[in-house]
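A short worksheet on the structure shown next.
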Amino acid sequence: MKRIVSLLIALLLVATALVACNNKTPEETTPDNNANNTPVEKTYNLAIGVAVAKDLAGLKLDETVATIVTDADGKIVLCRFDCLSHTMKITDGVLDTKAPASKVVLGDNYMMPSGSWATQTAKLESFLVGKTQAEVAAIVLNGGKLTDAEIAAGCTFDVTDLLKAVNNAFNSTEKVTFKSTSTNFTAGLSEVRT
């Protein structure tokens, strides 16, 4: 149990969002005040949210992490997910403490019946761009699966924990505020195994 808690704490403390900006695409200019079309600097927030599902009787633990960047209107401009699924193994009374690879690390090697987790999750990440917390909360699920035809065909698995992680990111008190003239961002999650 101590190892599970340590793994949780390590993921929470070390899951670091890396945000890079690309100034090639100016976001917005105001012709009256900005005759030379200099990009306007805007404020953004970066937040991480985690949703944990555990089955201690089955020695299973799933941690879903969402990294979001939101604009001043509270709309998502970037969303990234990762998930760590671990089933503890006990052999001859000894707990196997080897940390598993995350689903992003596994990439296309983590296949599901309808495609890789990475490919399907990327569709959900794109779908969430432009949505506020209220709009994410209003997404209709049926048995944990998306019902919106636009996205349901490309993301066919249970997304309950992914959306919980996004909501937790919106509610995070540990947001990082930054300013940028760019609208093109990239982000990723980095994990350190202990």
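The values are calculated or read from the model by the stated rules, or taken from the named source; none is laboratory data. In this text, all values refer to a predicted model and were calculated from it rather than measured experimentally. Glycine gets a Cβ as well: all are built from the backbone with ideal geometry, and neighbour counts include every protein chain shown. Only protein heavy atoms, including side chains, enter the accessible area calculation; ligands, DNA and RNA are left aside. Shrake-Rupley method; radii C 1.70, N 1.55, O 1.52, S 1.80 Å.
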When we measure straight from the Cα of K164, which lysines land under 20 angstrom away, once same-chain ones fewer than 8 places off are left out?
K54, K60, K75, K103, K123, K131, K145, K175
Round to the nearest 0.05 the FRET efficiency obtained for T181 and V140 when R0 = 30 Å and r is the Cβ-Cβ distance.
0.25
Just the number, please: carbon plus sulfur as a percent of the accessible area of the range 76-121, 1.4 Å probe, no ligands or DNA/RNA counted.
56
Of the GluC sites (Glu not before Pro) in the range 104-176, which ones lie in a loop per DSSP and count no more than 15 other C-beta atoms within 10 Å?
E174
How far, in nm, would the chain grow between D158 and A53 when pulled straight, counting 0.36 nm per residue and subtracting the alpha carbon separation?
36.5 nm
How big is the gap, in Å, between the Cα center of the range 80-104 and the Cα center of the range 125-163?
27
